1. First measure r as the distance between the Cβ atoms of ARG64 and GLU238, then evaluate 1/(1 + (r/R0)^6) with R0 = 30 Å and state the FRET efficiency to the nearest 0.05.
2. Karplus couplings for the stretch 226-231 from phi (6.51 cos²θ - 1.76 cosθ + 1.60, θ = phi - 60°), rounded to Hz, Gly and Pro as x?
3. Report the GluC sites (Glu not before Pro) located in the stretch 1-94 that are in a DSSP loop and have at most 16 other Cβ atoms inside 10 Å of their Cβ, or state none.
4. How do 133-139, 217-223, 41-47, 51-57 rank on mean C-beta neighbours within 10 Å, highest first?
5. Report the extension gain between ASN117 and ALA230 in nm, rounded to one decimal, defined as 0.36 nm multiplied by the number of residues separating them, less their alpha carbon distance.
6. Pull out the extension gain between ASN269 and ARG74, defined as 0.36 nm times the separation in residues minus the alpha carbon to alpha carbon distance; nm, one decimal.
7. In terms of modelled amide H atoms, which long-range or inter-chain residues lie less than 5 Å from the amide H of SER266?
8. Go through the stretch 12-86 and name the trypsin sites (Lys or Arg not before Pro) that are in a DSSP coil and have 10 or fewer other Cβ atoms within 10 Å of their Cβ.
Amino acid sequence: MNYLRTAILLAGLTALFMAVGYLIGGGAGAVIAFVIAAATNLFSYWNSDKLVLSMHNAQEVDERSAPELVAIVRELAQRAGLPMPRVYLMDSPQPNAFATGRNPQHAAVCGTTGLLNTLGREEVAAVIGHELGHVWNRDTLTMTITATLAGAISMLAQFGMFFGGRRNNNSGLGVVGSLLMLVLAPLAAVIVQMAISRSREYAADNFGGRVSGRPDALASALLKISRVAAAVPNDTAEAHPTTAPLFIVNPLSGRGMDNLFSTHPSTENRVAALDRLSREMGLGGLGGPRNAASSAASGPWG
């Protein structure tokens, strides 16, 4: 993991926050925005998991309420040498999943009811492996903080538009500057946020394929999730779009383009990377005989 690159991206989000503050209130506004950004980072560090799980109305489950899901998480966490994360379910027909938490000792893994209803057991396990990859690489904290900051920048820009921005002679921005701030500041925040998210998905896919031993199952899961997510909305994600990069597949519209404006790499590129991983693991690629046989043997979730 390139921690320097991550630090630069987070610094970029903070700078954007300060720039919006300057447009609203000059130097004093920039200082206030910096204080708010620092407080947001601190709050996100300690409460990122609770915040995101609450946004998506996720409910914690255990061996009694979701025995097979909890067993899968426990088995894969043990394989990866990770502490057992808390396990959550969110009621959504769209198949998807995400992980959150400030470190592996305070991590949570959340899947949707649609995930369990759509995928087979081995596919669910591979998806959980992917999410544990984010926990292992400590992506969850960075991704949640960037989601929080990006959302705060968008709200601050809307606040500036409401008050018309700075209209004095020193700024020379007025209404035009306010309009630019309303459009460009959130867009820039989203670009930085997506850059962070996209760079981590390939590593998590690799981890998930290895820890589950089934890169083919993960590839199959990604294809199914992408196809269904294109038709089935995720209402809570639509209400909180800055959390979209946390999910294994983009839960929002605009999927399929592997460019700077996508929350995730294209599914095709991710499947191609998993095919290379399968060959590296000696499984003969995603269409190899061992993978074909094991895929045919994997039944529905049950």
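Derivation of every value follows stated rules applied to the coordinates shown; laboratory data play no part. All values derive from a computational prediction rather than experimental measurement. Here the Cβ is made from the backbone with ideal geometry for all residues, glycine too, and neighbour counts use every protein chain on show.
1. Using R0 = 30 Å, I get an efficiency of 0.40.
2. So the Karplus estimates, Gly and Pro as x, are 4, 5, 6, 4, 5, 10 Hz.
3. Here the GluC sites (Glu not before Pro) that fit, given the DSSP loop and packing criteria, are GLU63.
4. Final packing ranking: 217-223, 133-139, 51-57, 41-47.
5. Gain in length upon complete extension: 39.0 nm.
6. Between ASN269 and ARG74, full extension yields 67.3 nm more.
7. Residues meeting the criterion, in which the H sits 1.01 Å from N, are ASP258.
8. Sites meeting the loop and neighbour criteria: ARG64.
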